[in-house]
Number of protein chains: 2
Amino acid sequence: MTEPRRAPRQAEAEANDRALLAAAREVVAVDGARASVAAIAARAGVGIGSLYRRYRTKQELFQRLVSLTLDRWIDAAEQGLAHADPWEGLAHYLLAGFDIGQGSLGSVAGTIELTEEIADKNRRADEAVDALVARARAAGVLRPDVTTTDLHLLVEQLGKSPMIDQLRQQGRTDLVPAAVNARTRITAIALDGLRAPAPHPLPGEPPAPELLSGRWET
Amino acid sequence: MTEPRRAPRQAEAEANDRALLAAAREVVAVDGARASVAAIAARAGVGIGSLYRRYRTKQELFQRLVSLTLDRWIDAAEQGLAHADPWEGLAHYLLAGFDIGQGSLGSVAGTIELTEEIADKNRRADEAVDALVARARAAGVLRPDVTTTDLHLLVEQLGKSPMIDQLRQQGRTDLVPAAVNARTRITAIALDGLRAPAPHPLPGEPPAPELLSGRWET
DNA sequence: AGTTTGCGGAGCGAAACGCTCCGTTTACAA
DNA sequence: TTGTAAACGGAGCGTTTCGCTCCGCAAACT
């Protein structure tokens, strides 16, 4: 390292940055893109001034948030691919995805200007997921009428958890663990619905990829 | 009828009321309880003044909206009970529930003052759903580890459709039918996950009913 | 002691909010 | 034709909330 010594003030600044990002994730989960910088700073236990020293605008903070979240998605997909069992790999990705909660970020992603970095990460995540789905389908453990787009939409839908957000908003944090457990059960139901063989074929036409989260591609 | 004649102005007023409620449903689906009266009136093609002639406050409009939506829920559950086949009956209720979209209303229900009428309708809906679930379970078509609360939460989660709301918000109404189709597929997956016999038992403890949409009861 | 660096938050102009108020339009009786 | 009452749309009010700037202060280093 060129800079092994850490000035205490600099360490504090980095801790603040982490707190800001964590707080932003929480507030955005509840309020979506309407989340105010004041609320984010307050939740992080940090002054507004400090927020604006690190991010020139609210949009810059959101872009960073989306970028870091995409990292999590890529990790989840690649960890899924690392599993030897195709079904376990897919299930790992989906369960991780429900936790990451693309849904909450989806509304933010629709409001920010897309950077090259974000578009690139999005592409990498898509490739990994495609491989994951293709492998599960080839192994015959995923019902064959489910498309990758179906899965993306399912994750988007189940990742957003209005129940948990609402509880947090009402300050009933004591109930949050129970809510997380409840959501896990729901996702387990959905996972069971994905397994081959399927009791009935899915209705309608396979969904078009354009439906995914606003624009992303184009 | 005591008043068979309809003054044209009065008919217009009633049409405006219907348009207001329909618009409120749409705007609330996107913006939740933050939906502004101006947005609702504009979407209904009606002046703000007309809105406030019929509803003294925004809250009064929202209470009416919740009440009418609960009527839909009661209908869906009772129609489900009318089905001879227990599974078809349950599926009918769930599919209708996904369409009604309790999720969107959940955020509104948390902000309004509960009237006696609303609490009463909520009770009636609960009773009908309990009967529906009990019948399906007794017939052995519903996996036995799913509780009524699980189902309520599932409906709440899948009823809210961020994808459709976002498309509408962006004015891409051309894509909405495709999105509705996509959501139908997702719900079909979840339905298949509910059938008996289950591939694996559900994880965790059965969820407590207190988790449902804020307060409703108490 | 002086300098640098990061800090918190009061306060700015702009925007959005719920709601009131009023001039206009329409249907119908005189 | 004219008078009246009902329903209309929307400008504008006071208030709140927003993103963001700016500045006085404290801690670390020289």
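Since every read-out is calculated from the coordinates, none of them should be taken as a lab result. These numbers come from a predicted model, not from an experiment. Glycine also receives a Cβ, built like all others from the backbone with ideal geometry; neighbour counts cover every protein chain displayed.
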Once the dipole of the protein assembly as shown is set up with Lys and Arg at +1 and Asp and Glu at -1 on Cβ about the Cα centre, which of A:M163, B:A38, A:P201 lies farthest towards its positive end? B:A38
To the nearest whole percent, what portion of all C-alpha pairs in the protein assembly as shown is separated by more than 29 angstrom? 51
In Å, what is the Rg of the alpha-carbon atoms in the range A:6-55, and how long is Dmax? 11.1, 36
Convert each backbone phi in the range B:181-187 into a coupling constant with the Karplus relation 6.51 cos²θ - 1.76 cosθ + 1.60 (shift: θ = phi - 60°), then list the ³J(HN,Hα) values in order as whole Hz, x for Gly and Pro. 4, 4, 5, 4, 4, 4, 5
Dipole moment magnitude, nearest 20 debye, chain A about Cα centre, only Lys, Arg, Asp, Glu C-beta charged: 840
Give the residue from B:L21, A:A84, B:L175 lying farthest towards the positive end of the charge dipole for the protein assembly as shown; charges sit on Cβ (+1 for Lys and Arg, -1 for Asp and Glu) and the dipole is referred to the Cα centre. B:L21
State, to one decimal in nm, how far the label point of B:T111 lies from the label point of A:A208, with both points 7 Å from Cα in the Cβ direction. 3.3
Any lysines whose Cα falls less than 20 Å from that of A:K160, other than same-chain ones fewer than 8 residues away, would be B:K160
Contour minus end-to-end for B:A13 and B:A42, with contour as 0.36 nm per residue of separation and end-to-end as the Cα-Cα distance? 8.9 nm
Calc'd 3J(HN,Hα), the range B:42-50, phi into Karplus 6.51 cos²θ - 1.76 cosθ + 1.60 (θ = phi - 60°), Hz, glycine/Pro = x, comes to 4, 5, 7, x, 9, x, 4, x, 5
Can you give the local net charge around A:L20? Use residues other than it whose beta-carbon is closer than 14 angstrom to its beta-carbon, Lys and Arg +1, Asp and Glu -1. +3
Out of the GluC sites (Glu not before Pro) in the range A:145-218, which ones are loop residues according to DSSP with at most 14 other C-beta atoms within 10 Å? A:E217
Select the chain A residue whose beta carbon lies nearest to the rotation axis carrying chain A onto chain B, and write the distance in whole Å. A:G193, 2
What FRET efficiency comes out for the pair B:E60/B:R123, r = Cβ-Cβ distance, R0 = 25 Å, nearest 0.05? 0.70
Hull-based mean projected area of the range B:21-95, where the convex hull spans the alpha carbons, in square nanometres: 5.5
Could you tell me which trypsin sites (Lys or Arg not before Pro) in the range A:38-134 are loop residues by DSSP with no more than 10 other beta carbons within 10 angstrom of their beta carbon? A:R56
With springs only between Cα atoms under 10 Å, which of A:Q63, A:Q169, A:Q79 fluctuates most in a Gaussian network model of chain A? A:Q169
Arranged by the count of other C-beta atoms within 10 angstrom, fewest first, what order do A:R168, B:R18 take? B:R18, A:R168
For the range A:159-165, what does the Karplus curve 6.51 cos²θ - 1.76 cosθ + 1.60, with θ = phi - 60°, yield as ³J(HN,Hα) per residue in whole Hz, taken in order and with x for Gly and Pro? x, 6, 10, x, 4, 5, 4
Cα centre as origin, Lys/Arg/Asp/Glu Cβ charges: the protein assembly as shown dipole, Debye: 1140
Hydrodynamic radius (Kirkwood) for the range A:125-197, which is based on Cα pairs only, to one decimal in Å: 13.9
State, to one decimal in nm and shortest first, how far the label point of A:A208 sits from each corresponding label point in the other identical copies (label point: 7 angstrom along Cα-to-Cβ). 4.7
Taking square-rooted eigenvalues a ≥ b ≥ c of the alpha carbon gyration tensor, is the range B:73-218 rounded, prolate or oblate, where a/c under 1.5 means rounded and, failing that, a/b exceeding b/c means prolate? oblate
So, in nm and shortest first, the distances from B:E60 to its counterparts in the other copies, with label points 7 Å along Cα→Cβ, work out as 4.9
Beyond 24 Å, what share of the Cα-Cα pairs of the range A:28-159 remains, rounded to the nearest whole percent? 36
On the formula 1/(1 + (r/R0)^6), with r taken between the Cβ atoms of B:A84 and B:A22 and R0 of 41 Å, the FRET efficiency rounded to 0.05 is 0.75
